[in-house]
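**Q** Mind having a look at this structure? Questions to follow.
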Amino acid sequence: MVAEYKGSESAPSPDDPSPDTTASDSEAPTTVWSPLAPGYRWGRLDLLWRALAAVGAGLAQLLALPPYGLWWLGPLSAALLILAVGGTRPRRAAWLGALSGATLMVPLVRWQDIFGIDVWLAIAGAETVYFLPMAMGIALVVRLPHWPLWTSALWVAQEAVRARWPLGGFPWGKLAYAQPDTPFSGYAALGSSPLVTFSVALTGSVLLWTVLRAVPARGRPRMLVSAVGLAAAAAVLLGGLLAPAIGRPAPLETVNVGMVQGNVPNIGEMSVLGERMQVLRNHADGVHELAEAVRGGEYPEPDMVLLPENASDIDPFRDPVAEQTIDDAAADIGVPLLWGMSRFNDDGTRYVQSVVWDPETGPGEVYRKRYLVPFGEYIPYRDFFTRFVSRLEQVSSDAVPGTEPGALDIAGTTLAVGICFDVAFDPPVRESVAAGGQIIVIPTNNANYNFTGQSDQQLAITQLRAVEHGRPAVVVSTSGISAVVEPDGTVAYESPEAEPDIHVAELTAMDGPTAATRLGAVPEALIAAIGLGAVVASVIAGRRVRVKRSA
């Protein structure tokens, strides 16, 4: 594979936005290896090599994410995308970006086919679209000096938009989400997931810059440039290891937290919520089993017991049998429960919520899920879509999003609660911690997605949230994966999938915000603005060059 630039003009540096610097008349034609400069070609098979690099970028990011977990491929993904689009026109960069995005997204969200192949491919296609403008932007900003910074910032800008629009966004597959407990994850404590994404992309970009500068077309490698580039990449990794120590939260008392994974019938079927009473009884039985195990000395006495999202899809505020079932479970264990349930409204809508249920006083504080799954928990534009996809009518009631942070007081401890899909977005857990949450709790229902990798992906995001806010985190699921995560992102306990499970974990409640909790979306906004500003600067520089040439 050879990159060629032939002619009587010397090739522009990839750090020089002005491609018209000419060589003296006495110089012979040269061949320079500089594949990011405008107009460069990778030999006669230029298009093939670029397509392979784009596919490699998407594949590297896919394999970096769970369930594969080859996190070190994250920087390679960013580097390969730069090689794919560097030196091309924006139009070609766009379809190369689409190729990279599709390689990542189609297999990544394969678990969405539970709602139908058409829904899966539509979501994957929508997610792929965001890679087009990012690739076009990268093709422009690599012409500027210090391009590793600008290309990395564009990754953050792409993910910022993807996490917000349309229908509230779908941030699955961020570069950051492949780094749950790696040298990069520490940056979450300073700038949330956007700063992790930036550091991953920056490492890949710096390593690529090092290769391009240190390996000339002729002559010996430039050892000093190699040393500088490698030192810069190492400094990024070292920064991630040190970042969590900045403004680390203070430990408070220890808390014994019980967890119940009741399991569900018909694992992996879209109709799993149809077995409502069985699901409720499974989780109530799990509480009784835990109570018996505590009395037998198998577990320490818990201060509270956590149950998953949809542990009762029957509204106990309307159904006396469901209410009595939960009351009996609370009375047996003798401590407050956090019970996930549906709460139905008079207009036919419902809330997906977690309720503190005291063994003496009954239901108390409530957190209502803020980020709902489109086509899973509600049907946007229902009249339109159900006209073409009749099976969407199986989602018989539309859930309504909550609006308040999930800081719930239970047994003297404040939990920062985010239900299932909430955890993929930065605001819900952040705002719950800022409101006083001392332990992060993520009730979830992944029964439709067991053994698809989705549960592993969600756990990795939760691990990053633990680092981000300097707190232990608990995932409690209907059918797995339930887990306990330390503040450094390591998993201390993990349940099997599709099996009942009970556990009691000793956790340390934490007090005080990290830098990421305080700063909120500010780092993301600044980094994204820098990337977009670099695109504008490149466009302006290119117009000036064209004006100069035409003069």
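**Q** Suppose the filter is closer than 21 Å to Thr210 by Cβ, of a type in the set (Gly, Ala, Ser), in contact with a Lys or Arg (Cβ under 8 Å, 6 or more places away or on another chain) and part of a helix (DSSP H, G or I); does Ala84 pass it?
**A** yes
**Q** Before we move on, is Arg162 closer than 30 Å to Gly376 by Cβ and free of Cβ contacts under 8 Å to residues at least 40 places away in the same chain?
**A** yes
**Q** Can you name the residue in the range 234-279 that is polar (S, T, N, Q) and not in a strand (DSSP E or B) and, of all such residues, is modelled with the lowest pLDDT?
**A** Ser271
**Q** Another question about this same structure. Give the residues of the range 403-439 that are among the aliphatic types (A, V, I, L, M) and under 16 Å from Gly364 (Cβ atoms), sorted by residue number.
**A** Selection gives Ala407, Leu408, Ile410, Ala411, Leu415, Val417.
**Q** Check the range 407-421 and report whether any residue there is more than 23 Å from Gly520 (Cβ to Cβ) and hydroxyl-bearing (Ser, Thr, Tyr).
**A** Among the residues of the range 407-421, at least one is more than 23 Å from Gly520 (Cβ to Cβ) and hydroxyl-bearing (Ser, Thr, Tyr), which makes the answer yes.
**Q** Moving on to the next point. Here is a list of conditions, (1) surrounded by 23 or more Cβ atoms within 10 Å (Cβ to Cβ); (2) farther than 20 Å from Pro75 by Cα, and Leu167 meets all of them except one; can you say which number that is?
**A** So Leu167 meets the others, but not (1).
**Q** Ok, one more. Name the helices (runs of 4 or more DSSP H) wholly inside the range 443-551 in which the number of residues that are at pLDDT 95 or above and under 25 Å from Ser312 (Cβ atoms) is 3 or more.
**A** 454-469
**Q** If Ser100 meets every condition in (1) more than 17 Å from Gln158 (Cα to Cα); (2) in a helix (DSSP H, G or I); (3) in contact with a helix residue (DSSP H, G or I) (Cβ under 7 Å, 6 or more places away or on another chain) apart from one, which number is that one?
**A** Only one criterion is unmet by Ser100, namely (1).
The values are calculated or read from the model by the stated rules, or taken from the named source; none is laboratory data. This one's a predicted model, so the numbers in the text were calculated from it and none came from an experiment. Cβ coordinates were reconstructed from backbone atoms using ideal geometry, including for glycine residues, and neighbour counts include every protein chain displayed.
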